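The next block holds one structure in the form of structure tokens; read it before the comments.
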Amino acid sequence: MSNQAKFLVSLLFIAIIILCTGLTRFYFDATKDTYDTEEQENIASIIKSFDNGMQVFESKNGYHGLLDSEGAVIIEPEWMEILTVTDRMALVSRRIQDKVLIGGVDFEENIIFPIVFHSMECVADRYYIGTVAEDESCIVYNEKFEPMFQNSWENVEYKNDLLLLKKENSRFSYYIAGETPIFRKAEMTCPIGNQMLTWSITNRIYLSTLRPEDYVRINSSVSSYMDMLIHNNFENLSAISSTEYFGGLRKSDLFKNMLFDEVTDFSFMADRGEETIYKFSFTIRYHKDPEGQEETVDPETEIQPVENNDLEGTAQVKLYFKKNASNQLILTSMNLDYQHTQAYQPVP
């Protein structure tokens, strides 16, 4: 190839490179200009800014979206409201079947927090109480919107730095002004026959040792076992105890013809030996129907019932619990101490 031909080829090659470079710059500049223009034209106003540089904007159609710290849209304007953002999600609201519901989406607009809440209340600047629209149950979340407790609750209240959690016969209090929640009180209502026993634990040692579900377990076990004694039916004893204790727990006709007038004097103690035994006790004031006081013996255990011919008086019930291999509290044994009270007058 002649020198002239080589020179022409070189010029052509340089021209192609310049042309490609120019087209590339034009393409990216045009794309950038179009991207910025479209976003800017859709933004009507900035309505909220966060410490991480993100901003909530309102579009011209009245819906809200989210910009990152560089001004790029990371959540499209299709939400009624963006309440708050974390490092991984935004809390948003949308109208669904004539209801405004709240949930969470990540920055790729995947729903990662179910849109089922009709309210989301922030308390102590770091916790959120979500109320489910369908059944009014409540769930408590931390600042990362992770559930703080295992269960949903019938009601959650925040007052004087305390979070009050209520469900069925249970009520738990947590102090949440510090870095981590502190368990302050467990309060339970226990049906015993036709009476109710309200008991509570505030001892910090017990509160740090036993979980809320342990107190629920104790409460339901006490109520169930007393019902077994009253009706002389121990078919469900295995649900709260184990076979090695059945003999001592089956006590036939212990409460035969006995009507409860009052349940008082609750006490809870821990005996920390080789195995920790939790002692749950209370006092029953009762009166009896004087008819039909015949003695019976449990055919399975041959246990003679406690002799008590008093028509009125008190009985102190002592129930003992310990944890089994599954770390679940079980009823192990019980005692009753009867006292006749001459001055006691039963409730009519």
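The values are calculated or read from the model by the stated rules, or taken from the named source; none is laboratory data. All values derive from a computational prediction rather than experimental measurement. Glycine also receives a Cβ, built like all others from the backbone with ideal geometry; neighbour counts cover every protein chain displayed.
The residues of region 171-208 that are within 15 Å of Val156 (Cα to Cα) and either among the small types (Gly, Ala, Ser) or assigned to a loop (DSSP other than H, G, I, E, B) (or both), listed by number, are Ser173, Ile176, Pro181, Ala186.
Phe260 meets the conditions (1) assigned to a strand (DSSP E or B); (2) modelled with pLDDT of 95 or more; (3) of a type outside the set (D, E, K, R) in every case but one. The failed one is (2).
Of the residues making up region 42-85, just one is touching a helix residue (DSSP H, G or I) at 6+ places or on another chain (Cβ under 8 Å) and of a type in the set (D, E, K, R), namely Lys60.
For region 139-156, state whether one or more residues are among the β-branched types (Val, Ile, Thr), under 23 Å from Ile330 (Cβ atoms) and under 15 Å from the mean Cα position of the chain (by Cα). No: zero hits. When we screen Thr131, Thr84 for residues that are modelled with pLDDT under 95 and in a strand (DSSP E or B), the only hit is Thr84.
Residues that are of a type outside the set (Lys, Arg), out of contact with any Gly (no Cβ under 6 Å at 6 or more places or on another chain), closer than 25 Å to Val100 by Cβ and assigned to a loop (DSSP other than H, G, I, E, B): does region 151-168 have at least one? Yes: one or more hits.
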